[in-house]
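Participant: Got a structure here, written out as structure tokens. Questions coming.
The values are calculated or read from the model by the stated rules, or taken from the named source; none is laboratory data. If you're wondering where the values come from, they're calculated on a predicted model, not measured in any experiment. All Cβ positions, even for glycine, are placed from backbone atoms using ideal geometry, and neighbour counts span all protein chains on display.
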Amino acid sequence: MIHLTSITRQHGPQILFRNASLQILPDTRTGLVGANGAGKTTIFRLIMGEEEADSGEISCARNTSIGYFSQDVGDMAGRSALQEVMSAAGDVMRLGEEIREMESAMAQPMAELEMAELLERYGNAMEQFDHCGGYDLEARAQAVLTGLGIGPDDFHRPVESFSGGWKMRIALAKILTINPDVLLLDEPTNHLDLESIIWLEDWLAGEFKGALLMTCHDHDFMNRIVSRIIEVGNGVVTTYSGNYDFYLREREVRREQLLASYRRQQEMLSKEEEFIARFAARASHASQVQSRVKKIEKIERIELPLEQKIIRFAFPEPPRSGDDVVRMAGVGKTWPLPDGGRKSVFGGVSGVIRRQEKIAVVGVNGAGKSTFLKVLAGQTGPTTGIVSLGANILPGYFSQHVMDLLDPGKTVFDTVQDVIPRENIGVVRNLCAAFLFQGDAVEKKVQSLSGGEKSRLLLATLLARPINFLILDEPTNHLDFQSRQILLAALQKFTGTVVLVSHDRYFLRSLAGRVFEIDHGEMLTYDGGYEYYLTKTGRDSRAA
């Protein structure tokens, strides 16, 4: 379907690909992986014609429809959510309008020959409209919107009234509704909750019949959807036949084999060069020396790929807190509505969070998970009831809305220094470097950082302070696979208390020992891990 052959692409001094080739074949489900900045998004843009390769060839089969979901949704205004989604099928909608115009024309008197021509055009248009799925376009758009968490009550809301995260869902719904031959998805799960992720898994596995190429930092999602991995890195594109777990194992095997070959070659070269240096001045060995010089000149040197830079941190040993970290009694929260009323988020929550517990807060989208975490963090007060912290509790809060906690006008260095004002410049710079802010990068303004950089910066500010109670709202958003694994390992070793919301099921299974579920305004407690919760509630078994 789509072939990229011997592609070379360079951004400034950085060579993203050198003579790289890859294929997107019918019915294949492929994951695209690589470090941030390796060139994954550039591959999407090359396929879409938004960028041109410096050399090489890109070919696509005729009449292949391509749908591309990117992190840049552009401007949305002037339509309802449903109209915006249906607008993606612009040709189909225009054809439907033409059909309606022809139906109006047929109601008017006209010559027999003219009527025959109109009927023929009408029949052809109806056949094409049916082939393109025009009759069920609105039903498909409604089903996709509902699956992504935008229900019937919001179908006709002006699209500009939705927040950025919800606009991302609308943009994704547009691409899914047209059901293209080739689907390009750049981080489709970033702004989805767990229920919407599971719906998208089902849709890709059942409804979608085309080829898929996607990037995604959700370990479980990638494993369940793809059967092939394309890795981008160090100017090379490498294909692995298997899911993400297979790729991790196979990549390590290949790396060990390459390292062994490199060591053998280095030993051989060292011996040859030692012989040349030892006998270069002896006439009796001149022919042997010359022969070995020519030999090593012809050898193709094995190069080891550059190691990917990764964040490096571990939470310091926290000060000991009291055994009861939080006590809640009859806690409820309501938000004001525009009409003067109040919307109840949750109520009647009572219970205790104990020292060293790691608790996952779960619930459907809009249940109030983030609001509950804000109440625990003191970012907002409860409407009813009491939340009391225990003795010597030092909380740290990570919000999925990072800019709520960061000053956009400050630099990376200033942001970290504000947290540890008594430390010297070296300590601040070392902490910044641990989160990949090195050299001039520490002078970047917060407002110019990417989503992943903002998340790393906020983690750096948490690490800088003595914290024994971590409250984390979607801490893995925008982090790549390796960063997620490092954060997970740090939290597993953390000896304080953790309460978190996350849509990453692998993260929840690996960390949580207790689950709080917010369901229809009530808090239900499960004294077991995430799999225990799924078993007890009969939730989607695939999540386990």
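Participant: Under the condition of being loosely packed, with under 14 Cβ neighbours inside 10 Å and at negative phi, which residue from the range 428-446 is modelled with the highest pLDDT?
Facilitator: Filtering the range 428-446 for residues loosely packed, with under 14 Cβ neighbours inside 10 Å gives 430, 438-440, 443.
Filter once more, so that each one left must be at negative phi: 430, 438, 440, 443.
On the way: Asn430: 88, Gln438: 86, Asp440: 86, Glu443: 91.
Looking at residues that are loosely packed, with under 14 Cβ neighbours inside 10 Å and at negative phi, I get Glu443.
Participant: Restricted to the range 285-334, and to residues that are in a strand (DSSP E or B) and touching a helix residue (DSSP H, G or I) at 6+ places or on another chain (Cβ under 9 Å), which residue is nearest to Glu357 (Cα to Cα)?
Facilitator: Narrowing the range 285-334 to residues in a strand (DSSP E or B): 324-334.
Okay, now just the ones that are also touching a helix residue (DSSP H, G or I) at 6+ places or on another chain (Cβ under 9 Å), so 326, 328, 331, 333.
Values: Val326: 11, Met328: 16, Val331: 20, Lys333: 24 Å.
So, considering only residues that are in a strand (DSSP E or B) and touching a helix residue (DSSP H, G or I) at 6+ places or on another chain (Cβ under 9 Å), the one nearest to Glu357 (Cα to Cα) is Val326.
Participant: Right, next: For Glu231, state whether it is assigned to a strand (DSSP E or B), within 23 Å of Phe481 (Cα to Cα) and not aliphatic (A, V, I, L, M).
Facilitator: Working: assigned to a strand (DSSP E or B): yes; within 23 Å of Phe481 (Cα to Cα): yes; not aliphatic (A, V, I, L, M): yes.
Yes; evaluated as a whole, the condition is true for this residue.
Participant: Among the residues of the range 326-351 satisfying the criterion of being more than 33 Å from the chain's Cα centre (by Cα) and surrounded by 16 or more Cβ atoms within 10 Å (Cβ to Cβ), which is farthest from Pro382 (Cα to Cα)? Please lay out each step first, then the result.
Facilitator: Just the residues of the range 326-351 that are more than 33 Å from the chain's Cα centre (by Cα), to begin with: 327-331, 338-342, 348, 350-351.
Pick out the ones that are also surrounded by 16 or more Cβ atoms within 10 Å (Cβ to Cβ) and you get 328, 331.
Values: Met328: 10, Val331: 6 Å.
The residue in question is Met328.
Participant: Of all residues in the range 398-446, which are touching a helix residue (DSSP H, G or I) at 6+ places or on another chain (Cβ under 9 Å), within 29 Å of Phe372 (Cβ to Cβ) and in a helix (DSSP H, G or I)?
Facilitator: Answer for the range 398-446, where residues must be touching a helix residue (DSSP H, G or I) at 6+ places or on another chain (Cβ under 9 Å), within 29 Å of Phe372 (Cβ to Cβ) and in a helix (DSSP H, G or I): Val402, Met403, Thr415, Val416, Asp418, Val419, Val446.
Participant: Anything in the range 257-294 that is under 40 Å from the mean Cα position of the chain (by Cα) and among the aromatic types (Phe, Trp, Tyr)? List them, or say none.
Facilitator: Hit for the range 257-294 is Tyr262, nothing else.
Participant: Name the residue that is nearest to the chain's Cα centre (by Cα), counting only residues in the range 385-427 that are surrounded by 14 or more Cβ atoms within 10 Å (Cβ to Cβ) and among the small types (Gly, Ala, Ser).
Facilitator: Among those residues, the one meeting the criterion is Ser399.
Participant: Determine which member of the set Ala53, Ala35, Ala77, Ala105 is among the aliphatic types (A, V, I, L, M) and exposed (fewer than 13 other Cβ atoms within 10 Å of the Cβ). Lay out the reasoning, then the answer.
Facilitator: Working: Ala53 fails: exposed (fewer than 13 other Cβ atoms within 10 Å of the Cβ); Ala35 fails: exposed (fewer than 13 other Cβ atoms within 10 Å of the Cβ); Ala105 fails: exposed (fewer than 13 other Cβ atoms within 10 Å of the Cβ).
It is Ala77.
Participant: Still on this model: Show me the strands (runs of 3 or more DSSP E) entirely contained within the range 1-91 in which 3 or more residues are farther than 24 Å from Ile225 by Cα and not assigned by TED's automatic domain parsing to the domain that holds Glu453.
Facilitator: Values: elements: 2-11, 14-24, 29-33, 55-60, 66-69.
Qualifying strands (runs of 3 or more DSSP E): 2-11, 14-24, 55-60.
Participant: What's the total number of residues in the range 474-483 that are surrounded by fewer than 23 Cβ atoms within 10 Å (Cβ to Cβ) and modelled with pLDDT of 85 or more?
Facilitator: Counting residues in the range 474-483 that are surrounded by fewer than 23 Cβ atoms within 10 Å (Cβ to Cβ) and modelled with pLDDT of 85 or more gives 0.
Participant: Of (1) of a type in the set (A, V, I, L, M, F, W, C); (2) without any contact (Cβ under 8 Å) to a residue 12 or more places away in the chain; (3) within 30 Å of Gln485 (Cβ to Cβ); (4) not in a helix (DSSP H, G or I), Ala260 satisfies all except one. Which?
Facilitator: With (1) of a type in the set (A, V, I, L, M, F, W, C); (2) without any contact (Cβ under 8 Å) to a residue 12 or more places away in the chain; (3) within 30 Å of Gln485 (Cβ to Cβ); (4) not in a helix (DSSP H, G or I) applied to Ala260, the lone miss is (4).
Participant: Enumerate the strands (runs of 3 or more DSSP E) found wholly within the range 468-544, keeping only those where 2 or more residues are over 19 Å from Ile197 (Cα atoms) and of a type in the set (A, V, I, L, M). Steps first, answer last, please.
Facilitator: On the way: elements: 469-473, 497-501, 514-519, 522-526.
Output list reads 469-473, 497-501, 522-526.
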